[in-house]
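Below is one structure; the comments refer to it alone.
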Amino acid sequence: MGGFCGLGLSGVRILVTASSSGIGFGVAKVVGSCGARVAITGRDPDRLRRAAEKLDAMGVDAHPIEADLSVEGAGARLVREAVEALGGLDSVVFIPPPPPGGRFLELGMDSWRASYRLLVEAGLEIIYESISFLKESRNPSITVITSIAAWEPLPGIATSSVLRPALHGLVTLLARELGSLGIRVNGIVPGYILTDRLREVAAMRAKARGTSIDDELKSLAGEVPLGRVGAPEDIGWLVAFLASPQARYINGALIPVSGGLHRSTR
């Protein structure tokens with residue numbers, strides 16, 4: 001694929017978490033198509049291997065690293081392995097693995113603890129460990145992928161609706177604290193993106209309403225002003241831009257990518 005997207009990412013070293021499928025895979029595919037060298041991660045070794053093979057077939061320079069971010073300390077180890085595989089680090093894209101789904105009354109404290117670990121604690125580990133390496137880069141950046149649920153709580157994903165706003169606070173804080181080091185920190189706020197998690201939400205809605213998953217996916221698409229749900233690559237292109245020199249003055253932004261689904265003026 002080479003580095004022909006015009007964003008100046010050829011040879012840029014990017015770590016993308018939770019990237020064996022879904023949004024993470026779409027991000028790795030896009031930044032890799034722009035010439036970046038990508039460390040991809042996942043906890044399922046077979047799925048991770050297949051993802052790496054797909055990216056390799058596309059001409060992406062992908063380096064698979066198995067990591068289960070539900071385990072304490074896995075985030076720091078992941079960063080060190082990515083730096084070793086890539087020979088340094090220019091950009092970190094933190095995509096939390098999907099936490100347990102369900103409504104508030106359906107969830108116990110174990111689900112909340114597991115969700116905090118995946119959505120917040122793992123990200124803190126990764127960012128803390130990455131800073132010393134990012135400081136050595138000419139154009140260092142951190143991009144955090146959250147969810148529109150952080151702004152507009154969604155039924156069926158209570159943990160996301162409660163915990164993802166903490167990531168928005170983290171982006172705003174780090175943009176101020178790390179800016180003096182030249183490290184830009186931004187967040188992307190996806191709407192409905194066609195992933196396994198969206199299919200899970202559609203399945204919950206279908207069960208409650210006695211409809212089909214396809215019907216519910218169409219219904220979700222109908223809520224979006226553009227009339228469709230997004231593709232993982234729609235997030236990937238914004239990640240590529242934010243990691244590029246063209247975004248050198250963008251810091252502390254929380255950018256919705258929702259086809260217009262996000263309705264507030266925040």
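Structure above, values below:
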{"read-out": "Residue list for region 172-196, restricted to those being under 13 Å from the mean Cα position of the chain (by Cα) and not hydroxyl-bearing (Ser, Thr, Tyr)", "value": "Asn186, Gly187, Ile188, Val189, Pro190, Gly191, Ile193"}
{"read-out": "Among the residues listed as Ile235, Ile250, the single one being in contact with a helix residue (DSSP H, G or I) (Cβ under 7 Å, 6 or more places away or on another chain) and either of a type outside the set (Val, Ile, Thr) or buried (at least 20 other Cβ atoms within 10 Å of the Cβ) (or both)", "value": "Ile235"}
{"read-out": "Test: residue in region 73-82 that is outside any helix (DSSP H, G or I), in contact (Cβ under 8 Å) with a residue 12 or more places away in the chain, under 19 Å from Ser244 (Cβ atoms) and assigned by TED's automatic domain parsing to the domain that holds Ser141", "value": "no"}
{"read-out": "Matching entry among Arg184, Arg138, Arg176, Arg164 (being in the same structural domain as Ser21 (by TED's automatic domain parsing), within 21 Å of Val16 (Cα to Cα), among the basic types (Lys, Arg) and loosely packed, with under 15 Cβ neighbours inside 10 Å)", "value": "Arg138"}
{"read-out": "Residues being within 21 Å of Gly22 (Cα to Cα) and either more than 17 Å from the chain's Cα centre (by Cα) or assigned to a strand (DSSP E or B) (or both) - total across region 141-152", "value": "4"}
{"read-out": "Check on Leu118, modelled with pLDDT of 95 or more, over 23 Å from Ala240 (Cα atoms), in the same structural domain as Leu78 (by TED's automatic domain parsing) and part of a helix (DSSP H, G or I)", "value": "yes"}
{"read-out": "Filter pass, Ala36 being among the aliphatic types (A, V, I, L, M), closer than 30 Å to Arg113 by Cβ and touching a residue at least 40 places away in the same chain (Cβ under 8 Å)", "value": "no"}
{"read-out": "Which listed residue, of Gly35, Gly42, is of a type outside the set (Lys, Arg), at pLDDT 95 or above and under 17 Å from the mean Cα position of the chain (by Cα)", "value": "Gly42"}
{"read-out": "Leading residue by the ranking (modelled with the lowest pLDDT) among those in region 243-266 that are assigned to a loop (DSSP other than H, G, I, E, B) and among the hydrophobic types (A, V, I, L, M, F, W, C)", "value": "Leu261"}
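The values are calculated or read from the model by the stated rules, or taken from the named source; none is laboratory data. The structure presented is a predicted model; accordingly, all values stated were derived computationally and were not measured. Quick reminder, even Gly has a Cβ in these numbers, built from the backbone with ideal geometry, and neighbours come from all protein chains shown.
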